[in-house]
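Trainee: I have a structure I would like to understand better, so I am pasting it below and will then ask my questions one at a time.
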Amino acid sequence: MYKAVIFDMDGTILNTIGDLTDASNYALANLGKRHDFPEGKIKLCFGCGIDADMEKVLALEGGCADEDLEYVGSTIPFSRYHFSEKDVTELKGFFVPYYAAHRRERTAPYEGIPELLSALRSRGVLTAVASNKDDRDVQVLAEALFPRLFDRAIGNHKEIRRKPAPDMVLEILKDFHLTPKDAVYIGDSEVDLETAKNSGLPCISVDWGFRTRSFLLAHGAEVIMSSPAELLPLLMG
C-alpha cells in the first residue's frame, strides 16, 4: 500500500476543459484571431504550464496539426504558425484574468474522484496535488471543490520549476517525510509520465482527461486506468 498519492489536477481530478476553452477563445478573439475552437482541440494545448499552453493555442489557431502540438516551442518554431513571443504574452494577458474570473463556471470533479480521495484518507493515505496550473488557481479550486481532501497542493509559481521537473513532487514528499518508494503519481498526460520518471515514482495514467489512451501508450504509459473506481484497489495493493 502506498503512503501517499500525488495527483495532477486538470484532466485527472478536475474536468476544467470547459472553462479553459472559453478563456482560450476569449483571448483569441481579443487578438482578432479565430476563436471558435471546441474542447476536443483546446484540451490538447494544456498541461505544460501557462506560457507553453498559450504557445500551443496560438499554434492551433495557426493551423498546427493535433499530433504536432506537443512539439511547438521545442522542435517546431513559432514562425511556422506565424506568431511570436509578443503574441504569446498578449494572449496570456487576456487569458489569465478572464480564466481567474470564470474558473468555476463549468469546472467540476470527475465522477468518483471525491469518493476516491475520501476512501484514501480514511485509510490513512496522504493525498496531494502537483499541477502546472497557476498556483492561485490550484489553491482556489482545491479548497472549493475538494474541501479537506488534500494534505498539500502545489501549482506553478516562480519559486519552483514546473513539471516535468521533479521539484513539486519532491517538495511534497519532503513535507510528508516520505521517499519516492512510498508514493505514486497519477496523471493524464505525457508531462505527468515524465514528471513521475524524473521524480523516481511509479506512474498511473488515466484516459478520461486531456489525452487519449493511444497517445499515452505511445508515450510509454505502462498502467492506464479508465475510471476512478478502478484506482482504489490498485492503490491499496
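Every number in this text was worked out from the coordinates using simple rules, so none of it is lab data. This one's a predicted model, so the numbers in the text were calculated from it and none came from an experiment. For neighbour counting, all protein chains shown are included, and Cβ atoms are generated from backbone atoms with ideal geometry for every residue, glycine included.
Trainee: How many angstrom lie between the C-alpha centres of segment 1-36 and segment 97-142?
Mentor: 12 Å
Trainee: Would you mind calculating the relative contact order of the chain from Cα pairs under 8 angstrom and at least 6 residues apart, reporting the percent as a whole number?
Mentor: 26 percent
Trainee: Size of the dipole of segment 72-202 about the Cα centre, Lys and Arg at +1 and Asp and Glu at -1 on the beta carbon, nothing else charged, in debye to 20?
Mentor: For segment 72-202, the charge dipole is close to 100 debye.
Trainee: For segment 161-167, take each phi angle, set θ = phi - 60°, evaluate the Karplus expression 6.51 cos²θ - 1.76 cosθ + 1.60, and give the result in whole Hz per residue in order, putting x for glycine and proline.
Mentor: 6, 7, 4, x, 4, x, 4
Trainee: Rank Leu149, Ala27, Ser84 by how far each Cα sits towards the positive end of the charge dipole of the chain (+1 on Lys, Arg Cβ; -1 on Asp, Glu Cβ) and give me just the farthest.
Mentor: Projecting each Cα onto the dipole axis, the largest value belongs to Leu149.
Trainee: Output wanted: per-residue J couplings in Hz (rounded whole) for segment 207-214, from phi through Karplus 6.51 cos²θ - 1.76 cosθ + 1.60, θ = phi - 60°, x for Gly and Pro.
Mentor: Whole-Hz 3J(HN,Hα) from phi for segment 207-214: 10, 8, x, 8, 10, 7, 4, 5.
Trainee: A follow-up question, please. Using θ = phi - 60° and the Karplus relation 6.51 cos²θ - 1.76 cosθ + 1.60, list the HN-Hα couplings for segment 18-29 in order, rounded to whole Hz, with x at every Gly or Pro.
Mentor: x, 6, 5, 5, 4, 5, 5, 5, 4, 5, 4, 4
Trainee: Suppose every Lys and Arg Cβ carries +1 and every Asp and Glu Cβ carries -1, with no other charges. What dipole size does segment 17-102 come out with about its Cα centre, to the nearest 20 debye?
Mentor: Dipole size: approximately 180 debye.
Trainee: Another question about this same structure. Among Ser227, Leu120, Asn198, pick out the residue whose Cα is farthest towards the positive end of the charge dipole of the chain, where Lys and Arg carry +1 and Asp and Glu carry -1 on C-beta, about the Cα centre.
Mentor: Leu120
Trainee: Looking at segment 17-102, I'd like the Rg to Rh ratio, where Rg is from alpha-carbon atoms and Rh is Kirkwood's inverse mean 1/r.
Mentor: When Rh is taken as the Kirkwood radius, the ratio is 0.91.
Trainee: Now for a separate question. Please list, in chain and number order, the residues 5+ apart from Val223 or on another chain whose amide H is under 5 Å from its amide H, with Hs placed from the backbone.
Mentor: Amide H to amide H, under 5 Å and 5 or more residues apart or across chains, Val223 pairs with Ser205.
Trainee: If you place +1 on the Cβ of every Lys and Arg, -1 on the Cβ of every Asp and Glu, and leave all else neutral, what size is the dipole of segment 134-237 about its Cα centre, to the nearest 20 Debye?
Mentor: 120 debye
Trainee: Going toward the positive end of the dipole of the chain, with +1 on Lys and Arg Cβ and -1 on Asp and Glu Cβ, which of Leu217, Tyr110, Tyr2 do you reach last?
Mentor: Final value for the positive-end residue is Tyr2.
Trainee: Listing Val88, Val140, Val57, Val129 from the residue with the fewest other Cβ atoms within 10 Å to the one with the most, what is the order?
Mentor: Ranked by crowding around the Cβ, least crowded first: Val140, Val88, Val129, Val57.
Trainee: Order of 41-49, 173-181, 8-16 by packing, highest average Cβ count within 10 Å first?
Mentor: 8-16, 41-49, 173-181
Trainee: Using volume of the Cα convex hull per residue in Å³ as the read-out, say which of (1) 112; (2) 134; (3) 123 was calculated from these coordinates.
Mentor: Entry (1).
Trainee: Running a GNM on the chain with Cα contacts under 10 Å, which residue among Arg136, Arg123, Arg162 ends up with the highest mean-square fluctuation?
Mentor: Taking springs between Cα atoms under 10 Å, the residue moving most is Arg123.
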